[in-house]
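The values are calculated or read from the model by the stated rules, or taken from the named source; none is laboratory data. Quick caveat: nothing in here was measured; it's all calculated off a predicted structure. Neighbour counts run over all protein chains shown; Cβ positions are idealised from the backbone, glycine included.
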Amino acid sequence: MTTGTTEFSKRLDQTADDTEALLAKLLSDATVSDEIVRPKRLIEAMRYSSLGGGKRLRPFLVVESAAVFGVPRQAALMAGAALECIHCYSLIHDDLPAMDNSDLRRGRPTLHKAYDDATAILAGDALLTIAFDIITRDEIHKDANVRLLLTRALARASGIGGMAGGQILDLAGEGRFGDREPVDVARLQQMKTGALLRFGCIAGAILGQSSEREYQALDDYGKALGEAFQIADDLLDVEGDAAALGKPAGADAALGKTTFVTQLGIEGAKQRVRDLLARADAALSVFGARGDVLRAAARFVAERKN
Ligand code: GRG
């Protein structure tokens, strides 16, 4: 049986609601042990950028990849909340004047516009660090070794060989540090946006203490989904609607960026997305019907309008 669009949307919305509620609790002004105080301005800024918006796709991938192995939903939601904190931090820092210099995010002023640059830098830093607090909590898994594997995978997805590394390759390709450096788009995007999405998919395998074969399947699925997500993003930048995007379209072209679309052309990029969907489907075959929601997630990512 396949997962229909309505059922898929309901599941995505449910996880978005649950993630929102959990983040609201985790990012409250009440301290946890070893903290001294949560300064009002900083926690409000963290909440501004983390609550009330976003598709919550990354937490959804954690929840649904974990569901394949029957992992308790609450544990997966916690891991998903940690991942979402990292995603939100990356958006805050990416929007700063020193990076993309964006005024609008999720249909609202970016954090540094609503507050100021210093608050935005610190809110990003604090979201990054609280993610690692959350991912190590006992509620995630009773076995500390599972928590350690998850923590290490999250660090590697976010750091030098993942998202942060991908971001600097992107800036170098724009010519920020001298002449424009040649860009391997697939490699750059695998790091910049793909690594966190892939983490969402392998997180289920880690939490579920899967076999090596199942881990590889989710790894391959996650990589295909990550690339499809980015190509869809590049296509939206060319063909998308600013109102649906919650930010202006055309930003890549304005910066003269090398993207999947500039490399493959619009039709070539669309064909590549179709190939990636087939690869994602094939990777999930090991799970049979248990992979249906993840199959639908790959389609959603490829066809998204924002
Ligand atoms: C600053 C270390 C550092 C990294 C920034 C991921 C990233 C690197 C920047 C994001 C910039 C960007 C808009 C990239 C395009 C792909 C992307 C991550 C889009 C936003 O993700 P969605 O569509 O957003 O999942 P929502 O709002 O739904 O959460």
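With the structure loaded, tell me whether Lys113 is more than 13 Å from the ligand (Cβ to nearest atom) and outside any helix (DSSP H, G or I) or whether it fails that test. Criteria not met by Lys113.
Given the criterion within 23 Å of Phe60 (Cβ to Cβ) and either in contact (Cβ under 8 Å) with a residue 24 or more places away in the chain or of a type in the set (A, V, I, L, M) (or both), identify the matching residue among Leu277, Leu264, Leu188, Leu255. Give the derivation first.
Details: Leu264 fails: within 23 Å of Phe60 (Cβ to Cβ); Leu188 fails: within 23 Å of Phe60 (Cβ to Cβ); Leu255 fails: within 23 Å of Phe60 (Cβ to Cβ).
Within the list Leu277, Leu264, Leu188, Leu255, the selection yields Leu277.
Only one of Arg152, Arg187 is more than 13 Å from the ligand (Cβ to nearest atom), within 19 Å of Ile135 (Cβ to Cβ) and loosely packed, with under 14 Cβ neighbours inside 10 Å. Can you tell me which?
Details: Arg187 fails: within 19 Å of Ile135 (Cβ to Cβ).
Residue meeting the stated conditions: Arg152.
Out of curiosity, is Thr136 more than 15 Å from the ligand (Cβ to nearest atom) and not aliphatic (A, V, I, L, M)? Yes; evaluated as a whole, the condition is true for this residue.
Looking at this structure, is Ile121 within 13 Å of the ligand (Cβ to nearest atom), surrounded by fewer than 21 Cβ atoms within 10 Å (Cβ to Cβ), assigned to a helix (DSSP H, G or I) and free of Cβ contacts under 8 Å to residues at least 12 places away in the same chain?
So Ile121 fails the test.
Answer yes if at least one residue in the range 199-211 is modelled with pLDDT of 95 or more, more than 10 Å from the ligand (Cβ to nearest atom), out of contact with any Gly (no Cβ under 8 Å at 6 or more places or on another chain) and over 26 Å from Gln74 (Cα atoms), and no otherwise. No, there is no match, as no residue in the range 199-211 is modelled with pLDDT of 95 or more, more than 10 Å from the ligand (Cβ to nearest atom), out of contact with any Gly (no Cβ under 8 Å at 6 or more places or on another chain) and over 26 Å from Gln74 (Cα atoms). Residues considered: Phe69, Phe60. Of these, the only one that is surrounded by fewer than 20 Cβ atoms within 10 Å (Cβ to Cβ), touching a residue at least 24 places away in the same chain (Cβ under 8 Å), within 20 Å of Arg198 (Cβ to Cβ) and out of contact with any strand residue (DSSP E or B) (no Cβ under 9 Å at 6 or more places or on another chain) is Phe69.
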